[in-house]
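First comes the structure, then the notes that go with it.
Quick note: the coordinates plus some simple rules give every number you see, no bench work behind them. Quick caveat: nothing in here was measured; it's all calculated off a predicted structure. Reconstructed Cβ throughout: ideal geometry from the backbone, glycine too, with neighbour counts over all protein chains shown.
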Amino acid sequence: MPVRLYRLPSAARRLLPDCLWRLPATDNTLYLTFDDGPIPGETPFVLEQLARFDAKGTFFCVGDNLARHPDIARQVLAAGHRLANHTQHHVSGWAVSRPEYLAEVVRCQQELDALLPAPEARPLMRPPYGRITPPLAQDLRATHQVVMWDLLTCDYDATLNPEKCLRNAIRYSRPGSIVVFHDSVKASRNLRYVLPRYLEHFAGQGYRFAAL
Ligand SMILES: [Zn+2]
C-alpha cells in the first residue's frame, strides 16, 4: 500500500514559511484548487459542478495547456474563477536548475497575462508535485504568492478508489483549507465521483467555496 499524505506535518510546512498552506479559519470557507488544466472534458466538468453550488475556485494552469486551450481558460475566467501559475511544462523544482525553473514560471505567467484583463499585482503560483526548494520559494516571493495546500485529495492516484478518496477528502477538510483536486485525465475517475459529492456534503453543512 502506498503511503498517501493527505496533509503534510507542520514540520514540513515550516521548511517553506513563505508559502501559503491554509487560510484563517474565520468562517466556514473552503478554497478549492484545480491543477494541471485547462483541458477539454475535465475542466468544463469542474466548471459545471462549481456552478451548481455557486462555488468559486482557483485553477493552477500548465502554460502549455493554456496555449492549447485558451478558450477553456476564458470560460474559467468568465465564470468568476481565478487562474494561476503551475509552470509552462509542469516541471519539478527539484529536477531543473534555478534559472530554468524561474524561466518556466515566467513563460507560464506570459500565457496567463495574455488572458487576464489586467496583470495581477501578485499572481499565485503552485509548484508542480509541491516540489520546490526554500531558495526557489524565496526567489519567487518577489513576484508571486506560492501556494501549497492543507489537503491533497490524491484524486490522481488510480489505485485509490473513489469512495475512499471522497471519505478522506471530507475527513481532512476544515475551515480555511486549501484543497487540491486535478482537472486532468489521470484524475478523471476520482474527480468525477468525488467533486459533486464533496460539494454537496459541505454545501449542506453551510460551507462556502471561494477562490484564493
Ligand atoms: Zn500539477
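Could you grab the relative contact order for the stretch 139-212? Cα pairs under 8 Å, six or more apart, rounded to a whole percent.
33 percent
With only Lys, Arg, Asp and Glu charged, each at its Cβ (+1 for the first two, -1 for the last two), find how big the charge dipole of the stretch 16-209 is about the Cα centre; round to the nearest 20 debye.
440 debye
Amide H neighbours of residue 83 under 5 Å, at least 5 residues apart or on other chains, H built in the peptide plane: list them.
59
What order, most packed first, do the peptides 65-75, 101-111 have when packing is the mean number of other Cβ atoms within 10 Å of each residue?
Put in order of decreasing packing, that is 101-111, 65-75.
So what is the relative contact order for the stretch 10-78, in percent, with contacts set as C-alpha pairs under 8 Å and at least six apart?
Here the relative contact order equals 36 percent.
Given Cα pairs under 8 Å that are at least 6 residues apart, what percent is the relative contact order of the stretch 16-209?
Relative contact order, the stretch 16-209: 33 percent.
Work out from phi, with θ = phi - 60° and the Karplus expression 6.51 cos²θ - 1.76 cosθ + 1.60, the ³J(HN,Hα) of each residue of the stretch 5-16, listed in order in whole Hz, and give x for Gly and Pro.
9, 5, 9, 7, x, 4, 4, 5, 5, 5, 5, 10
Residue by residue through the stretch 184-196, what is 3J(HN,Hα) from phi via Karplus (6.51 cos²θ - 1.76 cosθ + 1.60, θ = phi - 60°)? Round to whole Hz and write x for glycine and proline.
So the Karplus estimates, Gly and Pro as x, are 9, 4, 4, 8, 3, 4, 5, 4, 5, 7, 6, 4, x Hz.
In whole Å, what is the distance between the alpha-carbon centres of the stretch 151-168 and the stretch 1-58?
Cα centroid to Cα centroid, the span is 13 Å.
Counting only DSSP beta bridges with both residues in the chain, tell me the antiparallel percent, nearest 5.
Looking only at bridges with both residues in the chain, the antiparallel portion is about 5 percent.
Pop out the Kirkwood hydrodynamic radius of the chain from its pairwise C-alpha distances, inverse of mean 1/r, in Å to one decimal.
Roughly 17.2 Å, rounded to one decimal.
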